[in-house]
Every structure is written in structure tokens, then in C-alpha cells.
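Accompanying notes for the structure given below.
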Amino acid sequence: MSRLFLPALALATLAFSLAGPAQGQNRSAQNQPSQPAAVQDPNAMAWRSGPEAAEIERRVEALLAQMTLDEKIGQLNLTGRGDGFDPQWVATGRSGAIMNFIDPREVRRLQDLARTSRLQIPLIIGLDAIHGFATYFPQPIGQAATFDPKLIELAAYWTARESRAAGVNWTFAPMVDLTRDPRWGRVFEGAGEDVHLASVVAAARVRGYHRGGVATSVKHFAGYGEAEAGRDYNSVWIPLSKLLDRHVPPFQAAIAAGAFTAMTSLSAMNGMPATADRGLLTDLLKGRLGFRGFVVSDFASIEELIKHGVAADGAEAARKALLAGVDMDMFSGLYIQHLADEVRAERVPVAAIDEAVRRILRVKFHMGLFEAAPVDPAATAGLLITPPARAAALAVAREAMVLLKNDGDILPIRPDVRSIAVVGALAMVDEDWQYGDNVGLPRIRRSTVQAELARHLGPQVRISAHSGFTTQCGIELAEREATLAAARAADLIVAVLGEECEFMGESASRTRLDLPGVQGELLNDLIATGKPVVLVLKTGRPLVLTDIAARVPAIIQSFHLGSEGRVAIGEVLTGRVNPSGKLPMSMPRSVGQIPVYYDHLPTGRPQIKHERYESSFIDERNEPLFPFGFGLSYTRFTLDQLVLDQARVPLAGTIVGSVRITNAGARDGREVVQVYLRQRVGSRSRPVRELKAFEKVTLAAGASQTVRFAVPVEALAFHDDQGRRRLEPGLYDVFVGTDSRASLAATVEVGE
Ligand code: NOJ
């Protein structure tokens with residue numbers, strides 16, 4: 001089976017014609033680039049309602065009535081490219097969904113085969129198109145750093161358009177697991193530590209994928225991000241109150257936005273593997289949360305029930321998963337092997353099989369698959385890496401960078417800088433790291449940071465470039481002397497360092513959150529030259545930067561920005577774009593602080609006087625190095641005039657207020673106004689503050705704007721340890737600011 005992707009030639013041609021903004025030197029941020037508009041797509045999908053939905057139910061039942069037991073179980077079987085895939089499974093109705101096919105010719109062949117099967121039920125075709133298909137967008141954590149739901153939706157939209165162009169109609173995204181432990185390698189795939197931000201991001205991503213014609217699978221239900229010690233797949237322990245307060249809301253947001261499917265977690269929560277957890281999947285997800293779509297297992301997670309020690313063999317694993325509420329088996333093959341026998345032995349009622357099939361068929365109808373035209377492989381190439389997709393990728397990348405430090409306003413690069421040494425393989429690799437590369441997408445040649453700097457700064461600035469280390473992971477120092485000589489001779493060093501290769505993603509947990517390989521040594525050498533160092537970090541998670549931040553004047557946290565990332569980095573370094581990203585996760589001072597997050601509970605002994613017997617460390621401060629919501633700008637914003645419309649709001653009401661924001665600096669810019677609330681006294685200890693609203697505003701230099709915000713009181717509810725929802729009257733503090741330390745405060749009384 002070919003792993004090659006048909007339109008490789010077209011991709012390569014496009015890759016050399018980077019269409020950036022007009023050339024020439026423009027060191028002001030006066031023209032903040034505008035955001036590309038969204039386009040309406042004919043393949044857009046959404047749950048149908050009214051008579052259309054009723055008609056779908058009728059068609060589902062009619063189809064179900066015609067199906068043999070084997071055909072039913074075939075619909076529950078997700079197979080795909082990989083060991084032993086046999087297209088005949090599709091032709092004979094033994095595989096209702098497939099995954100990991102990216103060559104539209106192969107997809108077409110399989111779609112055609114499905115149409116030759118007895119009942120001609122169309123295939124769902126899945127892929128981890130996590131942050132792009134051919135045009136790569138910033139990683140999800142970088143998208144979250146934009147704090148801009150419209151841009152996040154746009155990224156998902158173009159990812160879906162391109163995936164759909166190759167025949168993919170289902171993606172395993174968004175991952176909405178809360179991530180509070182940067183040791184976990186999948187931090188890059190989520191939206192960070194905050195419940196409200198993660199919920200807003202989840203809904204935006206679902207909307208975007210669906211508008212672009214690809215169904216979503218919100219994952220991983222539930223609690224996967226709390227793996228103990230950040231070690232992937234490890235057990236998680238989450239009390240019900242915390243599960244409902246923290247982990248469930250992003251799933252609820254995705255479901256409310258119309259997520260068609262949900263994926264189980266690979267881990268066991270409170271001693272029960274998610275894939276066998278009926279309380280979680282049937283009672284909570286399908287029952288209490290009202291999820292109408294189908295549940296798919298994670299990869300082989302049904303088979304893994306044996307290793308988890310809750311099933312003795314494949315038959316028991318299949319039975320437990322189905323009865324727990326897993327409708328579709330991803331890749332373990334155990335449903336197809338065992339469920340028919342389980343039904344015949346009356347260990348699994350046929351009604352349970354019917355219910356799973358019903359959910360899958362319902363999704364297929366609502367996705368519009370029965371009416372959709374098959375993929376046209378001849379058209380695919382022309383629909384990939386198009387100018388609007390690239391414009392969208394650039395727009396998102398521009399806003400995903402977080403300026404952590406900028407001592408002495410060393411950035412944007414000043415006019416008196418005559419020479420720059422760009423150091424680091426990550427500045428110049430011509431490939432973009434992308435989750436899903438393992439399924440064989442082609443790599444695309446891209447610009448380099450040095451080329452972008454040269455483009456903006458012109459020939460009067462000398463630019464040298466050295467990779468500094470031999471591989472992207474920094475295994476060995478390369479050209480050490482030449483690199484350092486160039487660095488010594490330059491007015492400014494731009495070091496582009498970070499994590500690539502095996503340092504991010506699934507099963508990439510780390511205990512040391514430092515620069516991998518020799519990069520730390522390289523950075524020390526650069527700092528020792530005495531020349532100012534601007535550090536551009538490309539990582540999939542927050543690293544511990546305590547030592548580094550004390551020694552370099554400027555740091556840009558860029559995560560991985562995707563196809564247009566180096567273009568965006570050039571724009572930010574030179575001031576064409578004013579950075580406006582905000583941290584979606586706290587950056588710890590040391591690994592020993594982890595987990596460190598802003599919405600923790602108070603303790604009986606908070607650290608106030610910095611004395612013994614306070615909740616603190618002997619050898620470390622409590623606060624992170626950079627807090628959640630933090631990010632600098634090339635301009636300066638001030639907030640004042642916080643006013644609440646009403647001092648007393650009923651339980652059924654909404655807290656409405658306003659604050660004035662002023663751009664007190666000399667450049668146009670964007671800032672995120674963040675609104676946090678705290679319940680002063682409750683029946684349980686409540687977090688010290690929680691983000692409840694935010695808005696990103698664009699302000700010209702010197703301009704002011706009054707920003708209105710609204711927080712429905714019901715957003716202040718929480719759960720007790722029986723899972724009952726509580727919304728309590730009393731005093732609530734409102735804090736408004738530009739990061740989670742927001743100090744502008746007011747108080748509101750919530751009444752009965
Ligand atoms: C395992 C991952 O946990 C899941 O997120 C992903 O969608 C599947 N593999 C399919 O690739």
C-alpha cells in the first residue's frame with residue numbers, strides 16, 4: 001500500500017513561494033495585520049434538527065432492521081492502514097470506519113468498496129489532523145495562547161477543509177484534557193490548565209472542524225491529563241467533585257458545540273480503566289451530559305483492558321467495553337472477533353449491540369455521509385496549501401507567541417543593530433514538527449528565521465546563521481568555534497532552541513524540563529560571549545526557565561507554530577507584529593513545584609509572612625516563574641475604572657461590569673482583558689480565583705476602550721463530593737487584569 005501522497009509535487013512548488021507581507025523594513029507595529037475572514041463551506045456538518053432529525057431516526061431504524069448481526073458488529077469495527085489491513089473488510093461490511101489513510105486514491109477505492117457492500121453504508125474516515133493536514137497551524141497549546149476563539153476556529157476550519165479534500169471526514173480532535181503537569185508529553189495537544197479557556201477553545205475547535213466538513217472526536221474521556229507524575233498512560237485519581245468542576249466542562253462545551261463522537265482515555269481513573277467504566281461513559285457522558293454521538297475507544301484500549309487487569313481475555317474485554325458504553329473499537333479487533341459469540345452465549349444482549357450501531361448510523365446520517373459525493377483524487381492537490389489556508393496559518397502563528405521577557409526593550413530589534421547571529425537548528429530546519437507525521441504526510445520546505453530577518457531588515461544588517469548542534473534534538477555541538485565567533489562578532493544573538501524529535505507528544509513524558517541535549521550548553525556559551533541574547537523557544541510544553549530567564553534579556557515562547565511559523569517569528573522579532581499571546585499554562589520555577597496552577601484552593605496556612613509553618617517550600621517560592629495568562633507586549637496596557645453594573649445580583653442573574661483599558665505605549669497592540677472570580681465563603685473551600693471571562697482587544701497607541709464583560713452567576717456553580725451541583729449566595733470578589741495575578745478588584749453580592 002502506497003505511503004506516498006499524490007500531490008507532493010504541488011506541495012513542493014508552493015513551498016518555495018512564501019507569500020509574506022510586503023517586503024522592506026517596517027519597524028513599527030502600526031499596522032497590526034488583519035485576520036482572514038472565514039469562508040462558508042458546502043461540506044459543513046452539524047446535528048440536524050426538527051423533521052430532518054426525525055427522518056434520520058426513521059432511516060436509522062429502517063437500516064438497523066435490515067442488518068445481520070455480523071453487519072451490525074462490522075459497523076462497530078474501526079480498522080485502518082497498518083498491519084494486516086484487508087480492503088475486503090470494507091467490501092463485506094466488516095469495517096464501518098477506517099483511519100490513517102491520507103492518499104485520496106486509496107480513500108476513494110475504499111469508499112467505492114463500501115458502496116459495493118450489501119447495505120452500502122458509507123465509511124467514516126478518521127485521522128489525527130490535530131493542527132493541520134498539509135498546511136500546519138500552531139500546535140493546539142499555541143492556538144490556545146492566542147486567546148482568540150475566532151482564530152482557533154479558523155485553524156480548525158482550514159485543517160478540516162484540507163483533510164476533507166483528501167477524503168478524511170473525521171478527526172481525533174480536539175483533545176480537551178486539562179494539562180497541569182508539563183512533564184506530560186501531550187501538553188502540546190491541549191489548551192492548558194484553565195477550565196474556562198479550555199472550554200472556549202474546545203467549542204471553537206469543534207465549530208471550525210465541522211464548518212470545514214470534518215466530524216470531531218472530543219477526547220480523552222476522562223482525566224487523561226492527570227496521569228500521575230506526568231507519566232503517560234499512568235493511573236489518575238480524581239474525586240468526583242473535581243472531575244465535574246474541572247475535567248468535564250471542556251467536554252460539555254465541545255458537546256454543546258456539536259461534537260459528533262468522543263474518545264475514551266487510555267488510563268484508569270480511580271482504579272477503573274476508562275474504556276470499561278460504565279459510570280463514566282454511559283451514566284455521565286451519555287446520560288448526565290446528554291451526549292448523542294458515539295464513543296470510540298482509544299487505540300487498542302479495549303485490548304489493553306487485559307493488561308489493566310480487568311479482563312481475563314479478549315472476549316471479556318470486548319464485553320466489558322461494549323457494556324460500559326464503548327460503541328466503536330479502534331484497532332483492537334476484539335469486537336469483530338468476539339461480540340457475535342458473546343451475543344449467542346447471551347452474555348451481551350443484542351439490544352446493547354443495536355444501541356451502539358444506532359449511535360454510529362445516526363452520526364453517519366447527521367454527518368451527511370449517505371448523500372456526500374466520494375472524494376475526487378484529481379481535485380485534492382488544488383485544495384491544499386491554498387493562499388487563504390496559509391494566510392490563516394500565518395494569522396494564528398502571529399498571535400500564538402508569548403513574550404515572556406523583554407528587558408530594556410531589546411525587542412523589537414533596534415535600528416542600531418547592524419549584525420545578528422542566528423543560532424540553533426530550529427531556526428533553520430526546513431521542516432515543521434507535526435503530530436501525525438507518523439501517518440506519512442510529506443514534509444514541506446519552509447523559510448528560515450535568518451531569511452525572514454534578512455527580508456525585513458534589508459542588506460544593511462549582516463546576518464549569520466549557525467545550527468549550533470548537529471540534530472534537531474541537540475545531540476552534539478556543531479561548529480562550536482565558528483558559531484561562537486559569529487556570536488561574538490554580532491550586535492545581537494537570536495537563539496532558536498527547544499524541543500523536537502521525541503521530546504513531544506504521546507509517550508514523551510520528561511522528568512527534567514530543560515533544553516534537551518546540548519542546547520543548554522550552547523546557550524551558556526552564547527550568554528558567555530557577553531552579547532545580548534534573544535531566546536526564541538519552540539517547545540511543546542512549558543520548560544523550567546528559571547536559570548535561563550535570569551541571564552537572557554528577552555524570551556519568546558513560541559511553542560511550535562506550524563508552516564508559517566518562521567515568517568511570524570521574523571515579523572515579531574522585527575516589530576512588524578506586536579506579540580499578544582498569553583500563557584495557557586503556568587511556567588514552573590522548578591520541576592519540584594509541579595503541579596503549579598493558578599486556580600488552586602487556599603490553605604489554612606497561606607504564605608503571607610514568608611515564615612516557617614506556612615504552606616510553602618523551604619527551597620523554592622510558591623509562585624510559578626511566569627503565571628497563567630501572562631504575556632508581554634511591545635506596548636504597555638493599563639486598566640482602570642472597574643465598575644460593576646449592580647452590587648447585588650440574583651442567583652439566576654448575570655454579573656455585568658466594565659473596565660477601561662488604555663494602550664499607554666507607543667505602538668498599536670492587542671491585549672487580553674481577563675476576569676477572575678472568587679467565592680469568599682462557601683460550603684466547601686473554593687479556588688483562590690477562577691477565570692470566568694476574557695476578551696482580546698486591539699488598541700491603537702494612546703487609545704482607550706471600555707470593555708464590557710458578563711459572567712452568568714450559574715458559571716460560579718461547583719459540585720460536592722456526591723456530584724451535586726451547588727450555586728451559593730454570598731460575596732464574590734471580581735478581579736480584572738492582564739494575567740492571573742489580576743489585582744483590580746470589586747465585590748458583588750450574589751443573592752437568593
Ligand atoms: C492514541 C492517542 O491517544 C489518541 O489521541 C489518538 O487519536 C489515537 N492514538 C489515534 O491515532
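The values are calculated or read from the model by the stated rules, or taken from the named source; none is laboratory data. Not measured: the values here are computed from a predicted model. Because the Cβ atoms are built from the backbone with ideal geometry, glycine has one as well, and the counts that use them run over all protein chains shown. Areas reflect the complete protein model, heavy atoms only, side chains present, ligands, DNA and RNA absent. Shrake-Rupley method; radii C 1.70, N 1.55, O 1.52, S 1.80 Å.
Key figures for this structure:
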{"read-out": "Calculated FRET efficiency for the pair residue 609/residue 150, C-beta based, R₀ 60 Å, to 0.05", "value": "0.85"}
{"read-out": "Full-stretch length increase - residue 705, residue 656 - with 0.36 nm per residue and alpha-carbon distance subtracted", "value": "16.0 nm"}
{"read-out": "Interatomic Cα distance distribution for the stretch 637-752, bins of 5 angstrom, percent", "value": "2, 12, 22, 22, 16, 11, 7, 5, 2, 1, 0"}
{"read-out": "Sites residue 112 and residue 55 - FRET efficiency at Förster radius 35 Å, r taken between beta-carbons, to 0.05", "value": "0.85"}
{"read-out": "Span per principal axis, largest first, for the Cα atoms of the stretch 126-214 (Å)", "value": "36, 24, 17"}
{"read-out": "Longest site-free stretch - the chain; sites: chymotrypsin sites (Phe, Trp or Tyr not before Pro), DSSP loop, at most 10 other Cβ within 10 Å", "value": "17-612"}
{"read-out": "Under the Debye formula (equal points on every Cα, no solvent term), log10 I(q)/I(0) of the chain at q = 0.06, 0.08, 0.09 Å⁻¹", "value": "-0.36, -0.66, -0.83"}
{"read-out": "Accessible surface ranking that places the most exposed of 246, 636 first, with a 1.4 angstrom probe", "value": "636, 246"}
{"read-out": "Zone residues, the stretch 319-334, relative to residue 278, backbone N less than 20 Å from point 7 Å out along Cα-to-Cβ", "value": "319-329"}
{"read-out": "Dipole magnitude of the chain, debye to nearest 20 (Cβ charges: Lys/Arg +1, Asp/Glu -1, about Cα centre)", "value": "1280"}
{"read-out": "Tail beyond 25 Å, pair distance distribution of the stretch 401-577 (Cα, percent)", "value": "27"}
{"read-out": "Two-decimal ratio, the stretch 50-379, of alpha-carbon radius of gyration to 2.2 N^0.38 Å", "value": "0.93"}
{"read-out": "Within the stretch 118-220, trypsin sites (Lys or Arg not before Pro) in DSSP loop having at most 12 other beta-carbon neighbours inside 10 Å", "value": "118"}
{"read-out": "Amide hydrogen neighbours beyond the local backbone of residue 267, cut-off 5 Å, H modeled", "value": "274"}
{"read-out": "For residue 638, solvent-accessible area (1.4 Å; no DNA, RNA or ligand), Å²", "value": "50"}
{"read-out": "Per residue value of the accessible surface for the stretch 535-622 (all protein chains in place, 1.4 Å probe), Å²", "value": "36"}
{"read-out": "Residue (of 311, 661, 250) at the positive-pole extreme of the chain, dipole from beta-carbon charges", "value": "661"}
{"read-out": "Residue 228-residue 355 pseudo-label distance in nm [points 7 Å out on the Cα-to-Cβ vector]", "value": "3.2"}
{"read-out": "Over the stretch 223-363: Rg over Rh, Cα atoms, Kirkwood Rh", "value": "0.96"}
{"read-out": "Area accessible to solvent at residue 529, 1.4 Å probe radius, in Å²", "value": "30"}
{"read-out": "Above-threshold pairs, the threshold being 30 Å between Cα atoms, out of 364/692; 405/696; 364/538", "value": "364/692; 364/538"}
{"read-out": "Residue-averaged 222 nm ellipticity for the chain, from DSSP H runs of 4+ at -39500 (n - 2.57), nearest 500", "value": "-8000 deg cm²/dmol"}
{"read-out": "Over the stretch 687-752, volume per residue of the alpha carbon convex hull, in Å³", "value": "115"}
{"read-out": "Convex hull volume per residue in cubic angstrom - Cα atoms of the stretch 555-707", "value": "173"}
{"read-out": "Computed accessible area, residue 466, all protein chains, 1.4 angstrom probe, square angstrom", "value": "30"}
{"read-out": "Percent carbon-and-sulfur accessible area, the chain, ignoring ligands, DNA and RNA, probe 1.4 Å", "value": "52"}
{"read-out": "Loop-located trypsin sites (Lys or Arg not before Pro) in the stretch 510-594 whose Cβ has at most 15 other Cβ within 10 Å (DSSP)", "value": "512, 551"}
{"read-out": "Bridge type composition, the chain - antiparallel percent by DSSP, nearest 5", "value": "55"}
{"read-out": "Degrees, to the nearest 10: 195-211 long Cα axis against longest axis of the chain", "value": "60"}
{"read-out": "Degrees between helix 565-574 axis and first principal axis of the chain (Cα, 0 to 90, nearest 10)", "value": "20"}
{"read-out": "Under the Karplus curve 6.51 cos²θ - 1.76 cosθ + 1.60, θ = phi - 60°, whole-Hz ³J(HN,Hα) for the stretch 171-184, x wherever Gly or Pro sits", "value": "10, 8, 7, x, 7, 10, 4, 5, 10, 10, 10, x, 5, 6"}
{"read-out": "Extended-chain gain in nm, criterion 0.36 nm per residue less alpha-carbon gap, residue 697 and residue 46", "value": "231.4 nm"}
